[in-house]
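Asks: Got a structure for you, questions after.
The values are calculated or read from the model by the stated rules, or taken from the named source; none is laboratory data. Bear in mind the structure is a predicted one, so any value in this text is a computation, not a measurement. When we count neighbours, we look across all protein chains shown, and the Cβ atoms used for this are built from the backbone with ideal geometry, even at glycine. Just the protein is used for accessible areas: all its heavy atoms, side chains included, with ligands, DNA and RNA removed. Shrake-Rupley method; radii C 1.70, N 1.55, O 1.52, S 1.80 Å.
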Amino acid sequence: MNDRIPLRKMLTIGLLPSGLKKTLYRLQGNHIGKHVKLSLGSVLLCKNKFSIGNNSHIGFFTSISGRTLQIGHSCNIRSAVVILADNIQIGNEVTISETAILRAGHLSEKSSLIIDDLVHIFPSTTIDPSRLIHLQEECAVGPGCNIFTHGSYKNILDGFPVHYGNVIIGKRTELTYNVFVAPGVTIGDDTIVGYGSYVNHDLPDNVLAAGMPAVVKRHKDQFAPTPSKEEKEKLLKDILQEFENHLSYNGIAYTKDQLKMIEDTDIIVNGVTHFNLETQHCDKPKDELSIALRRFLSRYGIRFKQTE
């Protein structure tokens, strides 16, 4: 489990077809849900029994190693990703993009990686869970970001500081691009951290922060005031009109009665799939139109937890 990249396993077990690989893991007592895909070269190495929910996909030559491992449903862990921690808990509908490295440099029983539902980790990120890293629901870690729970290289006996500390990134918080988060930092909910920032202290909820070190520049009501009910209805109508243009551009046939909006709280597709904008839950999209709508709304940061 200490191998940074378990090449031997990737070039043996990893090269098995997805079906055979899933059978092998199940025979070892692990739980793998329906419609899970384990791509060529991918491996899961766990000292205890692990679990993967329905419809999750592990990309090409991705390795996930830990003592305990749980992956929820409908996750997309893409190609050339490395994940290594003692305890790994990944929620539902999590996306971890290509070449992301989530690896504990100092692996121990204190190493823990917890990723809640609907989190998106973008390409070329480096996350070091030598201590606890908790990425809370719907937060985003942008391209080139770095999150570390340890700062230790120079000799402590020569007077140089050594720091270890848990990192918590709040719900719906966005680390934009090339943000560095230092050990021991907690960032609150609905906060945005600007490009190239260095975060070495806690940040509160609902702020825009930037700089080296990052400082609060504005509060949410200054840069993103909550729209009124009428403004929300107009925004939704404009988005749905653009969605219809999107369907036409992509050659997806539909009729006006297939897509209905009820005030600013609900969208009904084909009289079956229900998108509730207040609770941000939706029925599991099964038809092409519902799937396309859910993906399109995410362009505007409107995301839904689906009923599995």
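Asks: Looking only at residues in the range 2-56 that are of a type in the set (Lys, Arg) and open to solvent by 80 Å² or more (accessible area, probe 1.4 Å), which one is nearest to Asp86 (Cα to Cα)? If you could, list the steps in order and put the result at the bottom.
Replies: To start, the set of residues in the range 2-56 that are of a type in the set (Lys, Arg) comprises 4, 8-9, 21-22, 26, 34, 37, 47, 49.
Those left that are additionally open to solvent by 80 Å² or more (accessible area, probe 1.4 Å): 4, 8-9, 26, 34, 37, 47, 49.
On the way: Arg4: 13, Arg8: 20, Lys9: 19, Arg26: 21, Lys34: 26, Lys37: 24, Lys47: 9, Lys49: 13 Å.
The extreme case among them is Lys47.
Asks: So, one more: Six or more apart or on different chains, Cβ atoms under 7 Å: show the pairs whose first residue is in the range 141-163 and more than 12 Å from Ile101 (Cα to Cα) and whose second is part of a strand (DSSP E or B) and aromatic (Phe, Trp, Tyr).
Replies: Thr149/Tyr164; His150/Tyr164
Asks: To continue, here is another question. Looking at Ile52, Ile77, can you tell me which residue is over 17 Å from Thr126 (Cα atoms) and aliphatic (A, V, I, L, M)?
Replies: Details: Ile77 fails: over 17 Å from Thr126 (Cα atoms).
Exactly one residue qualifies, and that residue is Ile52.
Asks: Being surrounded by 17 or more Cβ atoms within 10 Å (Cβ to Cβ) and of a type in the set (D, E, K, R) narrows it down to one of Asp287, Asp264, Asp283, so name that one. Break it down stepwise before answering.
Replies: Values: Asp287 fails: surrounded by 17 or more Cβ atoms within 10 Å (Cβ to Cβ); Asp283 fails: surrounded by 17 or more Cβ atoms within 10 Å (Cβ to Cβ).
Matching residue, one of Asp287, Asp264, Asp283: Asp264.
Asks: Something else now. Among the residues of the range 149-195, write down those that are among the aromatic types (Phe, Trp, Tyr) and either surrounded by 20 or more Cβ atoms within 10 Å (Cβ to Cβ) or assigned to a loop (DSSP other than H, G, I, E, B) (or both). Outline the logic, then answer.
Replies: Filtering the range 149-195 for residues among the aromatic types (Phe, Trp, Tyr) gives 153, 160, 164, 177, 180, 195.
If the condition is that a residue be among the aromatic types (Phe, Trp, Tyr) and either surrounded by 20 or more Cβ atoms within 10 Å (Cβ to Cβ) or assigned to a loop (DSSP other than H, G, I, E, B) (or both), then Tyr153, Phe160, Tyr177, Phe180, Tyr195 are the ones that fit.
Asks: Determine whether Glu233 is open to solvent by 60 Å² or more (accessible area, probe 1.4 Å) and more than 26 Å from the chain's Cα centre (by Cα).
Replies: Criteria not met by Glu233.
Asks: Here is a list of conditions, (1) surrounded by 21 or more Cβ atoms within 10 Å (Cβ to Cβ); (2) under 30 Å from His150 (Cα atoms), and Ser79 meets all of them except one; can you say which number that is?
Replies: Against the list (1) surrounded by 21 or more Cβ atoms within 10 Å (Cβ to Cβ); (2) under 30 Å from His150 (Cα atoms), Ser79 comes up short only on (1).
Asks: Oh, and also: Does Leu157 satisfy the condition of being modelled with pLDDT of 95 or more and out of contact with any helix residue (DSSP H, G or I) (no Cβ under 6 Å at 6 or more places or on another chain)? It would help to see each step written out before you state the result.
Replies: On the way: modelled with pLDDT of 95 or more: no; out of contact with any helix residue (DSSP H, G or I) (no Cβ under 6 Å at 6 or more places or on another chain): yes.
Answer is no for this residue.
Asks: Return only the number of the condition from (1) outside any strand (DSSP E or B); (2) in contact with a strand residue (DSSP E or B) (Cβ under 8 Å, 6 or more places away or on another chain); (3) closer than 30 Å to Gly184 by Cβ; (4) at pLDDT 95 or above that Lys49 does not satisfy.
Replies: Unmet for Lys49, out of (1) outside any strand (DSSP E or B); (2) in contact with a strand residue (DSSP E or B) (Cβ under 8 Å, 6 or more places away or on another chain); (3) closer than 30 Å to Gly184 by Cβ; (4) at pLDDT 95 or above: (3).
Asks: Continuing with the same structure: Exactly one condition in (1) open to solvent by 50 Å² or more (accessible area, probe 1.4 Å); (2) in contact with a strand residue (DSSP E or B) (Cβ under 8 Å, 6 or more places away or on another chain); (3) modelled with pLDDT under 90 is not met by Lys256; state its number.
Replies: For Lys256, the exception is condition (2).
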